[in-house]
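Here is the structure we will look at, set down as structure tokens.
The values are calculated or read from the model by the stated rules, or taken from the named source; none is laboratory data. Not measured: the values here are computed from a predicted model. Neighbour counts are summed over all protein chains in view; Cβ atoms, including those assigned to glycine, are modelled from backbone coordinates with ideal geometry.
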Amino acid sequence: MKPSRLITPVVSIYIIFFVIVGFDSVYSNTYPAEKPASDDQTSSPESWLNQIDMHWGGRLKAIGSATFARDNTIFEPVGTGTYLNLDTDLRINNDTFLEDWGHLETQYEAILVAGRAREKREDLKKIFPDFEGGTIFLGAPLKDDRRFMDLTHTLKDKDSYLVLQRLDRLNFTFKAGWGSVRIGRQAITWGNGLIFNPMDLFNPFAPGDIQRDYKVGDDMVLAQLTLPRSADLQILYVVRRDPDTNNVEADRNSLAGLFHFPAGTTGFDIMATRHYDDYVVGIGSSGIWGGAAWRLDATATFLADGEGHNTRNYLSGVANMDYSWNWWGKNWYGLLEYYYNGLGESDYPGALSNPDITNRLARGELFVLGKHYMSTEIQLELHPLLKIFFTGINNMQDPSGILQPRAVWNVTQNLEMKVGANIFYGDNGNPGSEFGGFIIPGTNIHSRSPNNAYIWFNYYF
């Protein structure tokens, strides 16, 4: 069976299982069985099914957006203008609990991406086959060509729209007194970064993501051991395929461990991993100071080869502090974060010729090309149901960056609306800047992403 066909039998098996268990639950409530004479029911089917507790939920996301493609943006070679777009994402979640020893998690997604922006990206790919839509803020790819299980199935792939379905979670957790083991497609987050997170090597959120309720899953085994004094140890093994051969390769996998322990009001993390061909060690801490929360992370990466540009070993780190206060009778929140990317370069066209950088961009593990970044976020609660946000991410060397103003309104208990924009700024001349734009080597494409505005609805059920 080809991996790309795995999603069909898996979905079928789960539908049959859920229908049987759900029907039994309804039947048992409507027509309760008579209590047998024997008190020993541990081996009966009814007793086994009564141990199963199922919970359903999900989210429907719909985003209407306008992309303002002007001169000196990536869309210039295929025509500029204002592109209207519609993206939808239906997610159906199931949690099945087997008393207190087991947990089966399944999350299904159906995704529609449509509009002129997608159409223009497809036009660019026809001109430049290696073009992927930009170099920054891409996030973890939804394609499963690197993952052990191919649980993504494309239903329609046209120039103007794409429809696909996928399983973003499919894992089982075994729980015991010493801890737990989870196997299958799942998501995990390590590190203390809130916008950038160098310790989070496994499908981190992109810095420009404004909604982080669901992280793209990976195929892995996670063991978590509970230790004395509120400490714990996590051991992680991620299995991946080589996208060129479709074979599982040892140099594509990750084996990692994270030891967490508290000391007073301060928490500490120590990480070590073999990630692809490289070795990464990291240390982090977090605590409280004067009513503000602070966090520090640092990683050292030891590259396995010398293909990069004098980047055989490098350091990265993040430091942030956030604080909440009341001002003018309103609740405020502020965040300040500094990020150092030891792999970064000031020559951005040259950076795209560095395989150490481009490989991490393609894997959704690195998002920027420079070295020093300062980010800030301000939140104002105008009403318990209405909040105003402003996020700014700034390359300190250019300077250039992205501004993200937005408002979030909880329309009802289950319906949320967001209105906002993504505005890129910086020098777009010669040689340009990271966010303002520069010429991508080997093309006449200007790297600057176009500004856009959106209205976003989330309905939870």
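Tally time: how many residues in the stretch 327-351 are hydrophobic (A, V, I, L, M, F, W, C), over 16 Å from Leu194 (Cβ atoms) and surrounded by fewer than 20 Cβ atoms within 10 Å (Cβ to Cβ)?
So the first thing to find is which residues in the stretch 327-351 are hydrophobic (A, V, I, L, M, F, W, C), and the list is 327-328, 332, 335-336, 343, 351.
If we keep only those that are over 16 Å from Leu194 (Cβ atoms) too, we end up with 327-328, 332, 343, 351.
Still in the running and surrounded by fewer than 20 Cβ atoms within 10 Å (Cβ to Cβ): 327-328, 332.
Number satisfying all stated conditions: 3.
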### Task
Please find, among Leu258, Leu194, Leu296, Leu222, the residue that is assigned to a loop (DSSP other than H, G, I, E, B), at pLDDT 95 or above and buried (at least 16 other Cβ atoms within 10 Å of the Cβ).
Leu194
### Query
Is there a residue in the stretch 158-173 that is assigned by TED's automatic domain parsing to the domain that holds Met271 and either free of Cβ contacts under 8 Å to residues at least 12 places away in the same chain or under 24 Å from Val281 (Cβ atoms) (or both)?
yes
### Task
State all residues of the stretch 408-432 that are free of Cβ contacts under 8 Å to residues at least 40 places away in the same chain and surrounded by 14 or more Cβ atoms within 10 Å (Cβ to Cβ); if no residue qualifies, say none.
Val408, Trp409, Asn410, Ala421, Ile423, Phe424, Tyr425, Gly426, Asp427
### Query
For the stretch 171-212, which residues satisfy the criterion of being of a type in the set (S, T, N, Q) and at positive phi?
Asn203
### Task
Hey, could you check the stretch 364-407 for residues that are touching a residue at least 24 places away in the same chain (Cβ under 8 Å), part of a strand (DSSP E or B) and aliphatic (A, V, I, L, M) and say which is farthest from Asn354 (Cα to Cα)?
Leu382
### Message
If Gly282 meets every condition in (1) within 24 Å of Thr391 (Cα to Cα); (2) in a strand (DSSP E or B); (3) not charged (D, E, K, R) apart from one, which number is that one?
### Response
(1)
### Query
If you take the residues of the stretch 118-148 that are outside any loop (DSSP other than H, G, I, E, B) and more than 22 Å from Leu352 (Cβ to Cβ), which of them is modelled with the highest pLDDT?
Arg147
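Yes/no matrix, rows are residues, columns are (1) surrounded by fewer than 17 Cβ atoms within 10 Å (Cβ to Cβ); (2) more than 21 Å from the chain's Cα centre (by Cα); (3) of a type in the set (Lys, Arg); (4) assigned by TED's automatic domain parsing to the domain that holds Ile440:
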{"residue": "Arg59", "(1), (2), (3), (4)": "no, no, yes, yes"}
{"residue": "Arg70", "(1), (2), (3), (4)": "yes, yes, yes, yes"}
{"residue": "Asp87", "(1), (2), (3), (4)": "no, no, no, yes"}
{"residue": "Ile92", "(1), (2), (3), (4)": "yes, no, no, yes"}
{"residue": "Trp101", "(1), (2), (3), (4)": "yes, yes, no, yes"}
{"residue": "Arg116", "(1), (2), (3), (4)": "no, yes, yes, yes"}
{"residue": "Lys125", "(1), (2), (3), (4)": "yes, yes, yes, yes"}
### Task
Would you tally the residues in the stretch 231-246 being of a type in the set (Ser, Thr, Tyr) and either touching a Pro at 6+ places or on another chain (Cβ under 9 Å) or surrounded by 13 or more Cβ atoms within 10 Å (Cβ to Cβ) (or both)?
1
### Message
With the structure loaded, tell me whether Leu315 is crowded, with 20+ Cβ neighbours inside 10 Å, closer than 30 Å to Asp145 by Cα and without any contact (Cβ under 8 Å) to a residue 40 or more places away in the chain or whether it fails that test.
### Response
no
### Message
So the check is Cβ under 8 Å with 6+ separation or different chains; which pairs have a first residue in the stretch 320-334 that's within 10 Å of Gly291 (Cα to Cα) and in the same structural domain as Ser285 (by TED's automatic domain parsing) and a second one that's in a loop (DSSP other than H, G, I, E, B) and among the small types (Gly, Ala, Ser)?
### Response
Tyr323/Gly291
### Query
Residues in the stretch 408-450 that are over 22 Å from the mean Cα position of the chain (by Cα), in a strand (DSSP E or B) and farther than 30 Å from His55 by Cβ: how many?
5
